[in-house]
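See below for the structure under consideration.
Quick note: the coordinates plus some simple rules give every number you see, no bench work behind them. Every value quoted in this text rests on a predicted model; they were computed, and no experiment measured them. In this analysis, Cβ positions are derived from the backbone assuming ideal geometry, glycine residues included, and neighbour counts consider all displayed protein chains.
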Amino acid sequence: MTSAWPEIALAGWNDTYLTLQLWTQLAGKTRLALSPPQNHYWHVALYLTSRGIGTSPVPAGGRTFEVDFDFLNHRLVVHTSDGRTGSLSLEPRTVADFCERYLALLRSLDIDARIRKFPCEVANPIPFLEDTVRYATDLHTRRWASDTLVQTRNYLEERDELEAENRKQQEAYEKMRAEYEKKYGKPKKK
């Protein structure tokens, strides 16, 4: 198993964490508004990328687009299937400012996303466009969060690979045992 875990630096992380949660909710709400529904809201999930987190292709009329939070270059990047790209800096800013700029970026790419502009699953929710309280200030903790997600994914994938290998070995053993029993009969218990 891998041991390259980033240092855990939770002091000062809470404001940045909550702000990032709200920023990423906007991307999730965009997917919710534009993607065909799937069981358990799988169409809303964001995915780990090599540079942060992002969406898979989201339908928008006769084309698609993707939203990527690039924590290495501290940018939010939107790529469309017709070759257009737009971005905005993930610099320290309020949720309200980010929301305004995010929605303007989508409009500049002719993406009409009518999203519910109210956060979910947070204590004391404030409408996105009115939230001047939450403010991401620490670029380092954003990178730390991304590194932690990467290491967690790597660990889980390695664990899944080990479990799959164990299942294969168990199946091979069961097959050998069945063949043995077919040829020689069941072993007698002592």
Amide H neighbours of Arg75 at under 5 Å, excluding residues fewer than 5 places away on the same chain, with H built from the backbone geometry, are Asp70, Leu90
Ranked on Cβ counts within 10 Å of their own Cβ, fewest leading, Lys175, Lys189, Lys117, Lys29 go Lys189, Lys175, Lys117, Lys29
Nearest 10, in degrees from 0 to 90: the angle of helix 95-108 to the longest Cα principal axis of the chain is 90 degrees
Computed about the Cα centre, the charge dipole of region 13-143 from +1 Lys/Arg and -1 Asp/Glu charges at the Cβ has a magnitude in debye, to the nearest 20, of 180 debye
Two pseudo-spin positions, 7 Å from Cα along C-beta at Lys117 and at Glu100, lie apart in nanometres by 1.1 nm
For the chain, the count of lysine pairs 8 or more apart or interchain whose alpha-carbon atoms are under 25 Å apart comes to 10
For the chain, longest principal axis from Cα atoms; helix 13-34 axis from its Cα atoms; angle between them, nearest 10 degrees, is 90 degrees
If the label point sits 7 Å along Cα→Cβ of His40, residues of region 164-187 with amide N under 20 Å come out as 164
Residues whose modelled amide H sits under 5 Å from the amide H of Arg93, counting only those 5 or more places away in sequence or on another chain, are Ala136
Out of Phe65, Ser50, Phe128 - ranked by how far each Cα lies towards the positive end of the dipole of region 13-143, with unit charges on the beta-carbon of charged residues - the top one is Phe65
Residues Glu161, Glu121, Glu100 in order from fewest to most other beta-carbon atoms within 10 Å are Glu121, Glu161, Glu100
Between the modelled labels at Asn154 and Gln21 (7 Å from Cα along Cα→Cβ) the distance in nm is 2.7 nm
With 0.36 nm assigned to each residue of separation and the Cα-Cα distance removed, Glu91 to Glu174 gains 24.2 nm
